[in-house]
């Protein structure tokens, strides 16, 4: 799975561009170290040495090229792997992510499109890191939290849940600031749905300047004074005084008790969107479009629970640089599994949402012991 998504030639390129070229031959060359860092997320519950054995046995490294030969002494010690990770650094994984992340939906992928627009979602989350003084200083965290945290924002594709782009930083960094770092991933032909907390004139203008269409949820702090009431009941307004003109759509959520039939009135949701023509973009579709942002929540559940091993599990790394390396590796392995799901769903004409992420992960884990083939030179 890893070599199909991350070609060994590309891995060599990014390790060279990232400055991870060893000055002398070592037991763990750069290419092998990078694949090992990825494999650590496939077996988060295993030690360095056990992950090494899974990777080495499954890919038959001993029959590969000379620079991938197994150490004569067998599996390297954990300290050797830690030093190799430090030599590898963060940049090669960041470069690999930049080269391989992106949308996976084909024109016929179910659930990925609406009226010719590719559906995407933006949301954020926090991940616990090992509680060391270095990590605390670099990342910070909640004042009442037992562990430091890094904040992560992902721009993902609805329908495939593939990561299009991502940014992470210290806990104190706002989700809006992280999103501003990945505005290059928005483009014409997309409709990006943002979770609550992202709405703001500056971010709205930055994203729409790329040609991407937008749906954001506006809180009560936005004084949306109607400029024109449209035939469908929506209206136009300025997001702020002198700011962009948006279409405002308001609706109330009702729930019905299946046993008693009693109806409960829920919250009123206010959406602002760049899709201002009510004839082209019918109002009745917007509640469903906003609800589809939950695809990003499913992504985070897969990352935080399935791959990480549970919401209480923290990163292995004791230093900030290796935490950042782990974060890129986590996103890369998630993307490889999304790619695997897409390659499975496409030929069968299936909706990728119908394929279990857990099943894909377990299949990838089992396949390592079944390959029996030489590692690609």
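Please treat every number below as a calculation from the coordinates, not as lab data. Source: prediction; values computed, not measured. FYI the Cβ positions are ideal-geometry reconstructions off the backbone, even for glycines, and counts take in every protein chain you see.
Points to keep in mind about this one:
- Burial ordering of 155, 238, fewest other beta-carbon atoms within 10 Å first: 238, 155
- Judged by the mean number of other Cβ atoms found within 10 Å, the most tightly packed of the peptides 249-257, 108-116, 318-326, 158-166 leads the ranking 158-166, 318-326, 108-116, 249-257.
- For the stretch 102-301, the C-alpha radius of gyration divided by 2.2 N^0.38 Å, with N the number of residues, is 1.12.
- Angle between the chain longest axis and helix 357-367 axis [Cα atoms, degrees, rounded to 10]: 10 degrees
- Relative contact order [Cα under 8 Å, 6+ residues apart], the chain, whole percent: 22 percent
- Each residue of the chain gets 173 Å³ once the volume of the Cα convex hull is shared out per residue.
- Rounded to the nearest 10 degrees, the angle from helix 320-348 to the longest Cα principal axis of the chain is 70 degrees.
- Antiparallel bridge percentage (DSSP; both residues within the chain; nearest 5): 80 percent
- Angle between the chain longest axis and helix 8-17 axis [Cα atoms, degrees, rounded to 10]: 90 degrees
- Per-residue [θ]222 nm for the chain (sum of -39500 (n - 2.57) over DSSP H runs n ≥ 4, rounded to 500): -10500 deg cm²/dmol
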